[in-house]
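Quick notes on the structure that follows.
The values are calculated or read from the model by the stated rules, or taken from the named source; none is laboratory data. Everything quoted here is computed from the prediction, not taken from an experiment. Because the Cβ atoms are built from the backbone with ideal geometry, glycine has one as well, and the counts that use them run over all protein chains shown. For accessibility, only protein heavy atoms count, side chains too; no ligands or nucleic acids. Shrake-Rupley method; radii C 1.70, N 1.55, O 1.52, S 1.80 Å.
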Amino acid sequence: MAEGTSTKTRKTTTKKAPAKKAAKAAVPADNTAEAKSRFNAALEEARAGAAALKAEAGVRAGAYRDQAREKGTDLVAEARTYGNEAKARAGELAVEGKTRASDALASLGKIVADTAPQIDEKVGEQYGDYARKASRSLQEASAKLDSKSVEELGEDAREMVRKSPGTALGIAAILGFLVARLFRGGRG
């Protein structure tokens, strides 16, 4: 009987073992499916979060871009305003300088004309005539300077430089020397 009992036990044990394996096999399959499902849900949530972040970044970038455009437009308008003010001020200074130069030439011409008689007496009439011609030339230059606008004077200067650059260079050097002397004389 011992043999029969142990056989039954074995058979029963053998029968129970496959049922346990099946139960154990079913549990991991369920866990794997659940893990995959949770992973896919987390992945979808991450994608949705990334899409939301991308949308928010786009909105913020658009807002910053609009602010930058507005600021740029404001700066351009401000620069134009300053440019126009500077241009107007430069025009005023040019007219003032032209008037001063014209007055200086007229004054110099008058001084030369006033000294012509003394030159006649001390050096000779020929040199007095040179002084009178120089005085007339200075007076005429002053009148021409007064009659022209700053733009016309600029165009005349450009035309003179085109026609004779050597003369223009010499005149510029002389004027530079005179301006330097005036400023150095003002300091001392």
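For region 31-111, with every protein chain kept in place, what is the accessible area per residue (1.4 Å probe, Å²)? Don't jump to the answer; show the numbers that get you there.
Numbers: 6540 Å² over 81 residues.
Normalised by residue count, the accessible surface of region 31-111 is 81 Å².
Give Lys122/Lys148; Lys87/Lys144; Lys98/Lys133; Lys122/Lys144; Lys122/Lys163 a once-over and call out the pairs whose C-alpha atoms are over 30 Å from each other.
Numbers: Lys122/Lys148 38 Å; Lys87/Lys144 24 Å; Lys98/Lys133 23 Å; Lys122/Lys144 32 Å; Lys122/Lys163 40 Å.
The pairs that break the limit, which is 30 Å between Cα atoms, are Lys122/Lys148; Lys122/Lys144; Lys122/Lys163.
Might you report the magnitude of the Cβ-based charge dipole of region 108-148 about its Cα centre, with Lys and Arg at +1 and Asp and Glu at -1, to the nearest 20 debye? Intermediate values should be presented prior to the final figure.
Values: 7 positive and 7 negative charges, 50 e Å.
For region 108-148, the charge dipole is close to 240 debye.
Which FRET efficiency, nearest 0.05, do Glu159 and Leu108 yield, Cβ-Cβ r, R0 30 Å?
Numbers: r = 25 Å, r/R0 = 0.83.
In this case the efficiency is close to 0.75.
With every protein chain kept in place and ligands, DNA and RNA left out, what is the accessible area per residue of region 118-161? Probe 1.4 Å, answer in Å². Numbers along the way, then the final one.
Details: 3290 Å² over 44 residues.
I get 75 Å² per residue for region 118-161.
Sum up the charges of everything whose Cβ sits under 12 Å from the Cβ of Arg162, counting Lys and Arg as +1 and Asp and Glu as -1, but leave Arg162 out. List each step's numbers first, then the result.
Values: positive: Arg158, Lys163; negative: Glu155, Asp156, Glu159.
Value of the local net charge: -1.
Can you work out the FRET efficiency for the pair Leu75 and Leu43, with r the C-beta to C-beta distance and R0 = 41 Å, to the nearest 0.05?
Working: r = 47 Å, r/R0 = 1.14.
Efficiency for this residue pair is about 0.30.
For Ala33 and Val95, calculate 0.36 nm times their separation in residues minus their Cα-Cα distance, and state this gained length in nm to one decimal. Can you show the working numbers first?
Working: separation 62, 0.36 × 62 = 22.32 nm, distance 9.11 nm.
Result: 13.2 nm gained on full extension.
Probe radius 1.4 Å, ligands and nucleic acids ignored: give me the carbon and sulfur share of the accessible area of region 126-170 as a rounded percent.
On the way: 1870 of 3250 Å².
C and S atoms contribute 57 percent here.
Given C-alpha coordinates of region 55-129, what is the ratio Rg to Rh with the Kirkwood estimate of Rh?
Numbers: Rg = 30.6 Å, Rh = 18.0 Å.
Radius of gyration over Kirkwood radius for region 55-129 works out to 1.70.
Convert each backbone phi in region 150-161 into a coupling constant with the Karplus relation 6.51 cos²θ - 1.76 cosθ + 1.60 (shift: θ = phi - 60°), then list the ³J(HN,Hα) values in order as whole Hz, x for Gly and Pro.
5, 5, 5, 5, x, 5, 4, 5, 4, 5, 5, 5
Need one number: nm distance between label points at Glu140 and Leu178, each 7 Å from Cα along Cα→Cβ, rounded to one decimal.
Roughly 1.8 nm, to one decimal.
Just to check I understand the Karplus step: with θ = phi - 60° and J = 6.51 cos²θ - 1.76 cosθ + 1.60, what whole-Hz values come out for region 60-68, glycine and proline as x?
Computed from phi, the couplings for region 60-68 are 5, 4, x, 5, 5, 4, 5, 4, 5 Hz.
Taking the Cα centre of region 89-188 as the origin and placing charges on Cβ (Lys, Arg +1; Asp, Glu -1), which of Leu105, Ala141, Leu93 is farthest toward the positive end of the dipole?
It is Leu93, whose Cα lies furthest towards the positive end.
For region 77-188, just the Cα atoms, rotate onto the principal axes and tell me the three extents in Å, largest first.
The Cα atoms of region 77-188 stretch 66, 39, 26 Å along the principal axes, largest first.
Placing +1 on the Cβ of each Lys and Arg and -1 on the Cβ of each Asp and Glu in region 41-99, which of Tyr82, Ala55, Leu43 has its Cα farthest towards the positive end of the resulting dipole?
The residue sitting most towards the positive pole is Tyr82.
Once phi is turned into ³J(HN,Hα) by the Karplus curve 6.51 cos²θ - 1.76 cosθ + 1.60 with θ = phi - 60°, what whole-Hz value does each residue of region 83-95 show in order, with x for glycine and proline?
Running phi through 6.51 cos²θ - 1.76 cosθ + 1.60 with θ = phi - 60° gives x, 5, 5, 5, 5, 5, 5, 5, x, 4, 5, 5, 5 Hz.
Please give the solvent-accessible surface of Val95 in Å², to the nearest 10, using a probe radius of 1.4 Å with every protein chain present.
Roughly 70 Å² of Val95 is accessible to a 1.4 Å probe.
Compute the separation of the alpha-carbon centres of region 134-167 and region 92-108 and state it in Å as a whole number.
What the calculation gives is 13 Å, centre to centre.
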